[in-house]
Amino acid sequence: MNKLLALVAFVCLSGCGMSDEEKIQEFKSRCLQYSSEFIIDNSAVGEVNLGEHSFAIRANIASQKVISGGHDSNMPIGSADLPVLDQIYGPSYVLQRLLLEPTNISEVRYKYNRKNGKLETQSCYENTRISVKTVEQADQTFLGNCDITRVHDDDYLARYNILYAYGEVDEYDIRPFMFWVNDRASGQVLAEQISFQLLLGGLSGENKVLKAWGGAQSVRSCNLSPPDQLVKRVFRKNT
C-alpha cells in the first residue's frame, strides 16, 4: 500500500511529450512492481451492492479506510481530455458478468444513476436500486429497461459492497486504481485489487482506442483477475 501511495504523488521527471512506448513501458513497470490482489475472506453469502459511485484516492492518505470524496467518471481526463469508457471494470459491464454461471451471488442490488426517458412501465428510475437476479435482468438493466417490480428505494442495501477508487492522472496518462469488496456492517475488506490504468485516448496510431463514436476513451488495466471473478471468489453457497 505504501508503494502505491508513493506513486500517487509521482512527478514526471523526464518531461512532457512522452512517446507511446515510454507510456506503455512505464505502465507495465508499475503493474509488475506495485499491482496486487488479495482474497482475505471468502465467507460472503447472498446479495451484493454495486453502483456507479466511486471514491477518490488522495496523495496523503495512510490507508484505504481514509479514501473519501467522490470521483466523477464522466469528467474528461488525461491528454485526450475525454471521459473514460471502461468495458472491463465499468459497473454496468461488471453487472452483466456477475450472474453468469458459475456464481454463488443470488442478487445484485444495482444503484442506477442514468436518466431514462422511456415509458414508466419500462424505465429504470434514476437514483434507485434495481434488483438483478438473472443474466437476462442484467442485460435489460444495462439497456435501461426495468420492470417496476425490480425498482426499489436507494436504501435497499445488501450486506456486501463492490467499491471503486481512482487517483489523479499523471503525465504518463496513468492513474492508480483500487477495486475491492467489503462487508458493509463491519467494514472488513474481503477482497482487494491495487492496480493502475493507462488511458488510451492520448496514444497515437493503432495504440489509440476511442469508444462511443469517439466521445470517450478506453483504458488498459494491470493483468489481474477479471473483476467479476474476484467478487465471485468471496461468495460461497448459502446452505
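Yes/no matrix, rows are residues, columns are (1) modelled with pLDDT under 95; (2) buried (at least 17 other Cβ atoms within 10 Å of the Cβ); (3) in contact with a Lys or Arg (Cβ under 8 Å, 6 or more places away or on another chain):
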{"residue": "Asn2", "(1), (2), (3)": "yes, no, no"}
{"residue": "Ala9", "(1), (2), (3)": "yes, no, no"}
{"residue": "Ser19", "(1), (2), (3)": "yes, no, no"}
{"residue": "Arg30", "(1), (2), (3)": "yes, yes, no"}
{"residue": "Ser35", "(1), (2), (3)": "yes, yes, no"}
{"residue": "Ile39", "(1), (2), (3)": "no, no, yes"}
{"residue": "Leu50", "(1), (2), (3)": "no, yes, yes"}
Of all residues in the stretch 182-216, which are exposed (fewer than 11 other Cβ atoms within 10 Å of the Cβ) and in a strand (DSSP E or B)? none
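Just one of Arg236, Arg175 is more than 21 Å from the chain's Cα centre (by Cα) and at pLDDT 90 or above; which is it?
Details: Arg175 fails: more than 21 Å from the chain's Cα centre (by Cα).
It is Arg236.
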Restricting to the stretch 129-170, count the residues that are closer than 24 Å to Ser186 by Cα, open to solvent by less than 20 Å² (accessible area, probe 1.4 Å) and more than 19 Å from the chain's Cα centre (by Cα). 1
Going by the conditions given, is Ile24 surrounded by 15 or more Cβ atoms within 10 Å (Cβ to Cβ), over 30 Å from Cys124 (Cα atoms), of a type outside the set (Phe, Trp, Tyr) and at pLDDT 95 or above? yes
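Could you list, in sequence order, all residues of the stretch 141-158 that are touching a Ser or Thr at 6+ places or on another chain (Cβ under 9 Å) and not hydroxyl-bearing (Ser, Thr, Tyr)? Walk me through how you get there before you give the answer.
Applying the first criterion (touching a Ser or Thr at 6+ places or on another chain (Cβ under 9 Å)) to the stretch 141-158 yields 141-142, 144-154, 156.
Hits for the stretch 141-158 are Phe142, Gly144, Asn145, Cys146, Asp147, Ile148, Arg150, Val151, His152, Asp153, Asp154.
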Given the conditions (1) farther than 25 Å from Asp72 by Cβ; (2) open to solvent by less than 10 Å² (accessible area, probe 1.4 Å), and given that Phe179 satisfies all but one, which numbered condition is not satisfied? (1)
Let me spell it out: the conditions are (1) touching a Leu at 6+ places or on another chain (Cβ under 6 Å); (2) over 21 Å from Lys28 (Cα atoms); (3) among the small types (Gly, Ala, Ser), and Gly214 meets all of them except one. Which number is the exception? (1)
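Would you pick out the residues in the stretch 159-215 that are β-branched (Val, Ile, Thr) and more than 19 Å from Phe55 (Cα to Cα)?
Hit for the stretch 159-215 is Val209, nothing else.
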Kindly indicate the residue of the stretch 52-71 that is polar (S, T, N, Q) and not in a loop (DSSP other than H, G, I, E, B) and also modelled with the highest pLDDT among those meeting that condition. Ser68
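The values are calculated or read from the model by the stated rules, or taken from the named source; none is laboratory data. Fair warning: this is a prediction, and the values are worked out from it, not measured in the lab. In this analysis, Cβ positions are derived from the backbone assuming ideal geometry, glycine residues included, and neighbour counts consider all displayed protein chains. The protein model used for the area step is the full one, side chains on, heavy atoms only, and it has no ligands, DNA or RNA in it. Shrake-Rupley method; radii C 1.70, N 1.55, O 1.52, S 1.80 Å.
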